[in-house]
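Worksheet: the structure to be examined is printed underneath.
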Number of protein chains: 2
Amino acid sequence: MVPHLITSLSGPINELEQRILESMPAIERWFRLEWMEHTPPFYCSADLRNAGFKLAPVDCDLFPGGFNHLTPEMLPLAVQAAMAAIEKICPEAKNLLLIPAEQTHSSFYLANLQQLIAVFTQAGLNVRLGSLDASLKQPQVLPLAEGGELMLEPLLRTRGRLGLKNFDPCTILLNHDLPDGVPKVLQNLHEQYLLPPLHAGWSMRRKSQHLRSYEELAKKFAKLLGMDPWLINPMHALCPQVDLRERAGQEGLRSQVETLLGKVKRKYKEYGINERPFVVVKPDTGSSSRGILTLRDAKDIDALLQAGAELPAAGALLVQEGVPTYERMHDAVAEPVVYMIDRYVVGGFYRVHAERGIDENLAVPGSAFVPLAFEPSAQLPRRSEKPGASAPNRFYMYGVIGRLAMAAASYELEATDPEAEAYD
Amino acid sequence: MVPHLITSLSGPINELEQRILESMPAIERWFRLEWMEHTPPFYCSADLRNAGFKLAPVDCDLFPGGFNHLTPEMLPLAVQAAMAAIEKICPEAKNLLLIPAEQTHSSFYLANLQQLIAVFTQAGLNVRLGSLDASLKQPQVLPLAEGGELMLEPLLRTRGRLGLKNFDPCTILLNHDLPDGVPKVLQNLHEQYLLPPLHAGWSMRRKSQHLRSYEELAKKFAKLLGMDPWLINPMHALCPQVDLRERAGQEGLRSQVETLLGKVKRKYKEYGINERPFVVVKPDTGSSSRGILTLRDAKDIDALLQAGAELPAAGALLVQEGVPTYERMHDAVAEPVVYMIDRYVVGGFYRVHAERGIDENLAVPGSAFVPLAFEPSAQLPRRSEKPGASAPNRFYMYGVIGRLAMAAASYELEATDPEAEAYD
């Protein structure tokens, strides 16, 4: 079962699909050359939105959960990619310490951990779970919904190393996005591999940095394919240090929104898109889905302020071109999510929401969603089929754009690496 | 559908399966360390035989055909492995020249080529076919049984490079096992990557060298698992320079056969195997399945000679412990074949013969066989299931033994590398 693209204007996306398929060997080589110069994040997932007239990543998660939604057919790919990743980072590796997020009592999240443990065990590692929760003093048994259990253990920090009781890992894998900063127990671990690096945590990431990196890559990629980068790149602007409680802050934002909406309108006109564009305003930092504004007119800001809408916190605000999602599963909005380990696409699924709109954030914590696994043939494009007609071709295109977001994360982490700055 | 193991004596193989599953992370790490020191062959396939009381590879093909028998579920793994292989050998690679075997008019072999082309195209290469047939002067269209066609082109040799008209490859991949020696057109290609290396061709390989390398690895592996290496290693002996037309040659062979049969009998006694052991006599060189003798008694040699049996050609003869195959699909003998690219198992299938015996060679050219793809979950062992009860577990074990044969091929190619000798 594959979601339908419900839009009359699918010409541009079909053309993009065709170009991507025709250029497959060139694209794969292009990525190969990118990875010669840049290190892929250990693992990540990218949320995409397909508007028919454009396709763009809207989030790149460097601590992905949801591995449990990958199908059994996809698992061997994940294992193989994990083998390749470990071989490069620490071929002698024997033990892997996995540090989960705090939501360790959700049965979905536990299933995600179980899947990650299965993948890395099969890739040749002894995997154990260590908790960042300092109040955990004894190993805790976490029963799994489908039977079996996991064991969460207290961390044991010695001078230069982090481990568990009788467990000294060579590599520590974070599945915790560190929204509240870097805990002391993770600082100054110079003898072990800590993945992803600490500056990938949400307290340090800036969305604008990722978007700048993505824009750079989208331009290079568009040049390779001979197409307009706008087809895969949402425009954005940054308002540094805005306080919406003050008049000056409101004015500054209004002007940025006006400018960006104008730019988007011109693009819509160029492509004959008869829709009303929108922009999304969100804080440049943090992963929270709260305080995100969707605006179709700069004047809406006033109305929202008067209505007492939840506002983004004071600080840098990002104004981003909104990309509607036109994929539908029955009547529900569907958003593809691509999963990657090392440089490889290992699978993906659709996040399906019945109650959200086409211009809303679907990755809402707590909100129900139906994961819909990609067809197993997602990795096998059929170059002879006509654009828009083949699920494997659509999924291959998603894998390419997902990898573009992953490459942007790699550029982003290089640009923000605190240790690299020491050499400047 | 999974073949049944038809034997009352499956205890040793179930124990082997259990040990392999329990030691999974250690085994994967062991391979990872092996590949730090040794280069895997670019691709290969290994024929295995499961006797219930032992499991052993009986052939390791360094120019594997039959990629067409891999299922669509396995293809993404092959693509990912091909990406990893290319990245290591020549990351800038744009063009790949594939040189097929001479059997290019068999529709099965054409399907194999088509699959190889699909895998390497998706891994980011432009792939074209060049023929070793010097009489081919114009491109030849080869129609495929399922529609479509392939194009076979004449090779174009310039001083240091090999290519096609308007096609200069960085890498040349042989799917031709060079039984008649190395053609001049392939000699002295120092500017391009030629894979596998020329000394992997059948005119230069010695089966005894492979078996010695395999024995060395089987011993190391058995030590890791704390088991008898005989469970995965067929014993063998080499008779150098035997001429069976002469009395002295017959005597020499008889004595070797007697000694080896004696050793196998002692092993059978140790394990309580109530069967009559056999040995297989074959030339140390060449890949032909002709002139292979199956002997249960040293005296049988005389009877065979009197009956005018087809004899192995004069030269070095290999005497190898016979491993019966007890896997059955309905009433037919089934032999698993494991396919590998770079260091990864990418799939496998069963070669099923209705008309061959348990002690006969199933890889008979021209003989009909039914390929039976491994279940898609072959890469996903279930550690909790009891030995012998789970197809994924059996296939995982086959993948481990297949990789052991691949590692042996790697040792073998290092030992016989003519360029390495220059440094001695």
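The values are calculated or read from the model by the stated rules, or taken from the named source; none is laboratory data. Note that the structure is a prediction, hence the values are computed from the model and not measured. All Cβ positions, even for glycine, are placed from backbone atoms using ideal geometry, and neighbour counts span all protein chains on display. What goes into the accessible areas is simple: the full protein's heavy atoms, side chains included, and nothing from ligands, DNA or RNA. Shrake-Rupley method; radii C 1.70, N 1.55, O 1.52, S 1.80 Å.
Which residues, counting only those in region B:111-125, are of a type in the set (S, T, N, Q), more than 23 Å from B:Lys165 (Cβ to Cβ) and open to solvent by 10 Å² or more (accessible area, probe 1.4 Å)? Lay out the reasoning, then the answer.
To start, the set of residues in region B:111-125 that are of a type in the set (S, T, N, Q) comprises B:112, B:114-115, B:121-122.
Still in the running and more than 23 Å from B:Lys165 (Cβ to Cβ): B:112, B:115, B:122.
Correct list: B:Gln115, B:Gln122.
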Give all pairs with beta carbons closer than 8 Å in which a residue from region B:329-341 that is without any contact (Cβ under 8 Å) to a residue 40 or more places away in the chain meets a residue that is open to solvent by less than 10 Å² (accessible area, probe 1.4 Å) and outside any strand (DSSP E or B); count only pairs at least 6 apart in sequence or on separate chains. B:Val333/B:Thr325; B:Val333/B:Leu362
Residues being touching a residue at least 24 places away in the same chain (Cβ under 8 Å) and within 19 Å of A:Asp168 (Cβ to Cβ) - total across region A:98-122: 4
Residues of region B:232-250 being free of Cβ contacts under 8 Å to residues at least 12 places away in the same chain and open to solvent by 80 Å² or more (accessible area, probe 1.4 Å), in sequence order, are B:Glu246, B:Arg247
Look at A:Leu173 and say whether it is in a strand (DSSP E or B), free of Cβ contacts under 8 Å to residues at least 40 places away in the same chain and crowded, with 19+ Cβ neighbours inside 10 Å. no
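Can B:Arg19 be described as more than 30 Å from B:Asp168 (Cβ to Cβ), basic (Lys, Arg), without any contact (Cβ under 8 Å) to a residue 24 or more places away in the chain and part of a helix (DSSP H, G or I)?
In short, no.
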Looking only at region B:96-105, which residues are modelled with pLDDT of 90 or more and either out of contact with any strand residue (DSSP E or B) (no Cβ under 7 Å at 6 or more places or on another chain) or surrounded by fewer than 19 Cβ atoms within 10 Å (Cβ to Cβ) (or both)? B:Ala101
What single numbered condition from (1) among the charged types (D, E, K, R); (2) assigned to a loop (DSSP other than H, G, I, E, B); (3) modelled with pLDDT under 90 fails to hold for B:Glu251? (2)
Conditions (1) more than 14 Å from every other protein chain (Cβ to nearest Cβ); (2) farther than 19 Å from A:Gly124 by Cβ: number failed by A:Leu113: (2)
(1) over 26 Å from B:His236 (Cβ atoms); (2) under 23 Å from the mean Cα position of the chain (by Cα): which one isn't true of B:Pro25, the others all being true? (2)
Top-ranked residue of region A:15-37 - restricted to ones that are open to solvent by 40 Å² or more (accessible area, probe 1.4 Å) and within 14 Å of chain B (Cβ to nearest Cβ), ranked as nearest to A:Glu87 (Cα to Cα): A:Met36
Has region A:40-61 got at least one residue that is within 14 Å of chain B (Cβ to nearest Cβ), at pLDDT 95 or above and either part of a loop (DSSP other than H, G, I, E, B) or open to solvent by 10 Å² or more (accessible area, probe 1.4 Å) (or both)? yes
A:Phe108 fails exactly one of the following numbered conditions: (1) more than 12 Å from chain B (Cβ to nearest Cβ); (2) buried (at least 19 other Cβ atoms within 10 Å of the Cβ). What is the number of that condition? (2)
Looking only at region A:186-200, decide whether some residue is surrounded by fewer than 20 Cβ atoms within 10 Å (Cβ to Cβ), in contact with an Asp or Glu (Cβ under 7 Å, 6 or more places away or on another chain) and within 24 Å of A:Arg19 (Cα to Cα). no
Are any residues in region B:161-202 under 18 Å from A:Arg29 (Cβ atoms) and among the polar types (S, T, N, Q), and if so, which ones? B:Thr171, B:Gln192
Cβ contacts < 9 Å: first residue within 14 Å of chain A (Cβ to nearest Cβ) and open to solvent by 80 Å² or more (accessible area, probe 1.4 Å), restricted to region B:126-147; second residue part of a strand (DSSP E or B) and small (Gly, Ala, Ser), any location; separation 6+ or different chain. Result? none
Based on this model, can you work out whether B:Glu92 counts as facing chain A (nearest Cβ under 10 Å) and without any contact (Cβ under 8 Å) to a residue 40 or more places away in the chain? no
Take the residues in region A:268-304 that are surrounded by 13 or more Cβ atoms within 10 Å (Cβ to Cβ), outside any loop (DSSP other than H, G, I, E, B) and in contact with a Lys or Arg (Cβ under 9 Å, 6 or more places away or on another chain), then tell me which one is modelled with the lowest pLDDT. A:Ile301
Identify the single condition in (1) in a strand (DSSP E or B); (2) within 14 Å of chain A (Cβ to nearest Cβ); (3) not acidic (Asp, Glu) that B:Phe120 does not satisfy, given that it satisfies every other one. (1)
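Of everything in region B:129-170 that's among the acidic types (Asp, Glu) and within 18 Å of B:Ala118 (Cβ to Cβ), which residue is modelled with the highest pLDDT? Talk me through it step by step, then tell me what you get.
Within region B:129-170, the subset among the acidic types (Asp, Glu) is B:133, B:146, B:149, B:153, B:168.
Going one step further and asking which of them are within 18 Å of B:Ala118 (Cβ to Cβ), we end up with B:146, B:149.
On the way: B:Glu146: 85, B:Glu149: 94.
The residue in question is B:Glu149.
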Flagged in region A:132-156 as assigned to a strand (DSSP E or B) and closer than 20 Å to A:Tyr43 by Cβ, in numbering order, are A:Leu150
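Within region B:265-278, is even one residue among the aromatic types (Phe, Trp, Tyr) and under 30 Å from B:Pro418 (Cα atoms)?
Restricting attention to region B:265-278, the residues satisfying the condition of being among the aromatic types (Phe, Trp, Tyr) are B:268, B:271, B:278.
Remaining after also requiring under 30 Å from B:Pro418 (Cα atoms): none.
No, there is no match, as no residue in region B:265-278 is among the aromatic types (Phe, Trp, Tyr) and under 30 Å from B:Pro418 (Cα atoms).
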Candidate set from region A:62-75 (those that are open to solvent by 10 Å² or more (accessible area, probe 1.4 Å) and part of a helix (DSSP H, G or I)); member that is nearest to the other protein chains (Cβ to nearest Cβ): A:Leu75
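Check whether at least one residue in region B:67-89 is of a type in the set (Phe, Trp, Tyr), in contact with a strand residue (DSSP E or B) (Cβ under 9 Å, 6 or more places away or on another chain) and over 15 Å from B:Tyr344 (Cα atoms), and report yes or no. Talk me through it step by step, then tell me what you get.
Of region B:67-89, the ones of a type in the set (Phe, Trp, Tyr) are B:67.
From what is left, the residues that are in contact with a strand residue (DSSP E or B) (Cβ under 9 Å, 6 or more places away or on another chain) are B:67.
Now restrict to residues that are over 15 Å from B:Tyr344 (Cα atoms): none.
The answer is no, given that none of the residues of region B:67-89 is of a type in the set (Phe, Trp, Tyr), in contact with a strand residue (DSSP E or B) (Cβ under 9 Å, 6 or more places away or on another chain) and over 15 Å from B:Tyr344 (Cα atoms).
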